[in-house]
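Structure first, commentary second.
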Amino acid sequence: MLQLVRHHWQRANRLRQADLERSALFFFYGSLMERYGNFNRFIKKHVRQIEPAFCRGSLYFLPAGFPGLIIGDQHDHQLVAGELMQFDQPLRVMRLLDKLEEFYPLQPRRSIYLRRRLPVLVERIASDGDGQPVLQRHDAWVYIYPRRLLRQDRGALSLPCGQWRSFRDTPQLPVRTGCYSLRLCDHQQQILVDELFYQQPQVQQACRQLCDSHRLCQQARQLIPQPNAGFPATDVVPEPHASG
């Protein structure tokens, strides 16, 4: 029995090593983003770099209290805001995240989340010196929520703005609009990037003043069971999942 378990672990580990040869980047859109409890608890000490980034798909607030990114539906032209991260010891981090998200490389049908390599857009300053932002594409590992499970979550709420931060807690820090990024968004979607990532605050506005989808988010919030609006405290770790 012990030999069988060891063989299973080695096979899964070889798959992870092969995956890391394809990409060693990770994209997070939920409680594994910086400033949330799961980031501090699980991956903060391994992080080498963090950048604001966007991934195409549809974002949902799940009844269990964490977000799920869905791909392959009619809203894939929208952008979900999150963070692109690089790690020291990426194999160790991938093992940790697979366990946290209950992704089983050898048994994907048993998995709660699926780890998929997806194109991610990162806004950077152009290297030609004109100071204008440009979007660069990178392939990164994203923990997505299976559509088969979404169909079972009848209380799942769509987040049209694609931003867990804005829905989870109205930003208290300054935010800026990713105006260049909006060219790749649905025309009704606005993208807000937490100013935590920028040394020079540009816009002192809250999401309700900039986001065209704010009313839709308000309507979604009203559907969440009371009394605590369904949101765990910022420093509370949802179990057993990390919600991307």
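What follows draws every value from the coordinates through simple rules; no lab data is involved. Nothing here was measured: the structure is a model prediction, and the numbers come from that model. Note that each Cβ is placed from the backbone with ideal geometry, even for glycine, and that neighbours are counted across all protein chains shown.
Basic side chains Lys and Arg get +1 at the Cβ, acidic Asp and Glu get -1 at the Cβ, and with that the dipole of the range 31-74 about its Cα centre reaches some 280 debye. On a per residue basis, the convex hull of the C-alpha atoms belonging to the range 24-147 measures out at 119 Å³.
Rg/Rh, computed from the Cα trace of the range 105-155 with Rh as the Kirkwood radius, has the value 1.25.
Extension gain for the segment Gln49 to Leu20, taken as residue separation times 0.36 nm less the Cα-Cα distance, is 8.8 nm to one decimal. Considering only the Cα atoms of the range 61-128, their convex hull presents on average a projected area of 7.1 nm².
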